[in-house]
Amino acid sequence: GESVGLHLPTLSVQEGDNSIINCAYSNSASDYFIWYKQESGKGPQFIIDIRSNMDKRQGQRVTVLLNKTVKHLSLQIAATQPGDSAVYFCADANAGNNRKLIWGLGTSLAVNP
Amino acid sequence: EPEVTQTPSHQVTQMGQEVILRCVPISNHLYFYWYRQILGQKVEFLVSFYNNEISEKSEIFDDQFSVERPDGSNFTLKIRSTKLEDSAMYFCASSEIGKLFFGSGTQLSVL
């Protein structure tokens, strides 16, 4: 079946450093992925998405890289700030036509001041 | 910015009781979803809803669960006879095209 997994459950970085969060997916037919951020006690918040016709997409301080060959994507956060502390999920949004998301387990990012 | 609204934020109930979790999706969205997240685990898909009917449901969404869009704005999840293992954070989401927008969730505790 489909699955999306995170390589590391926790990541600790110093404020100002860059963070890289990795994710692997299993469905080679997947063509749309989304990164969500979830702060404690809140719902998932959209960060950035990418379609399979792209290898890279940049947002404000965030970059998502997609490697379809090895079915891997990553989220890079530049100049990590304390407000970036949260759990980050990648989601496969190509599960049928219903846009049902297949979620990864999540990576907890802790930013040390 | 428009947002998905969920009520209540916390719900405590006795095992075997019925609960209704309420959601107001973003007004121009057409697709609605319920997900849940048991503490420490990944977010799990429950059901998707489009054009006034269920379009897909997971194996979690058994006969004890139902969804309804009773009017033009609300989207509800009903659990008829709650079990201890139903304790989780329940998220409602809606989408127009592509990305889903999530509410802040209802924390359901079944005692």
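Observations on the structure shown:
- Wholly enclosed strands (runs of 3 or more DSSP E) of the stretch B:1-91 bearing at least 2 residues closer than 21 Å to B:V110 by Cα, out of contact with any Asp or Glu (no Cβ under 8 Å at 6 or more places or on another chain) and of a type in the set (A, V, I, L, M): B:19-24, B:43-50
- So A:Q60, is it outside any strand (DSSP E or B) and modelled with pLDDT of 90 or more: yes
- For the stretch B:55-67, the candidate set comprises residues that are away from chain A (no Cβ under 12 Å) and more than 22 Å from B:S104 (Cα to Cα); within that set, the residue that is surrounded by the fewest Cβ atoms within 10 Å (Cβ to Cβ) is B:D63.
- Filtering the stretch B:26-54 to residues that are open to solvent by less than 50 Å² (accessible area, probe 1.4 Å) and of a type in the set (G, A, S) leaves only B:S48.
- Filter pass, A:G41 being surrounded by fewer than 22 Cβ atoms within 10 Å (Cβ to Cβ), modelled with pLDDT under 95, on the phi > 0 side of the Ramachandran plot and not in a strand (DSSP E or B): yes
- Of the residues in the stretch B:88-99, none is touching a residue at least 60 places away in the same chain (Cβ under 8 Å), over 30 Å from A:I50 (Cβ atoms) and open to solvent by less than 10 Å² (accessible area, probe 1.4 Å).
- Residues in the stretch A:65-92 that are open to solvent by 50 Å² or more (accessible area, probe 1.4 Å), part of a strand (DSSP E or B) and closer than 17 Å to A:S12 by Cβ: A:Q76 alone.
- Restricting the stretch B:102-111 to residues that are open to solvent by less than 60 Å² (accessible area, probe 1.4 Å) and at the interface with chain A (Cβ under 7 Å from one of its Cβ atoms), the residue that is farthest from B:Q11 (Cα to Cα) is B:F102.
- Listed conditions (1) under 24 Å from B:E96 (Cα atoms); (2) modelled with pLDDT of 90 or more; (3) open to solvent by less than 80 Å² (accessible area, probe 1.4 Å) are all met by A:G16, apart from (1).
The values are calculated or read from the model by the stated rules, or taken from the named source; none is laboratory data. None of these values were measured; they are calculated from a predicted model. Positions of Cβ are generated from backbone atoms using ideal geometry, with glycine treated the same way; all protein chains shown enter the neighbour counts. Side chains included, ligands, DNA and RNA excluded: accessible areas come from the protein's heavy atoms. Shrake-Rupley method; radii C 1.70, N 1.55, O 1.52, S 1.80 Å.
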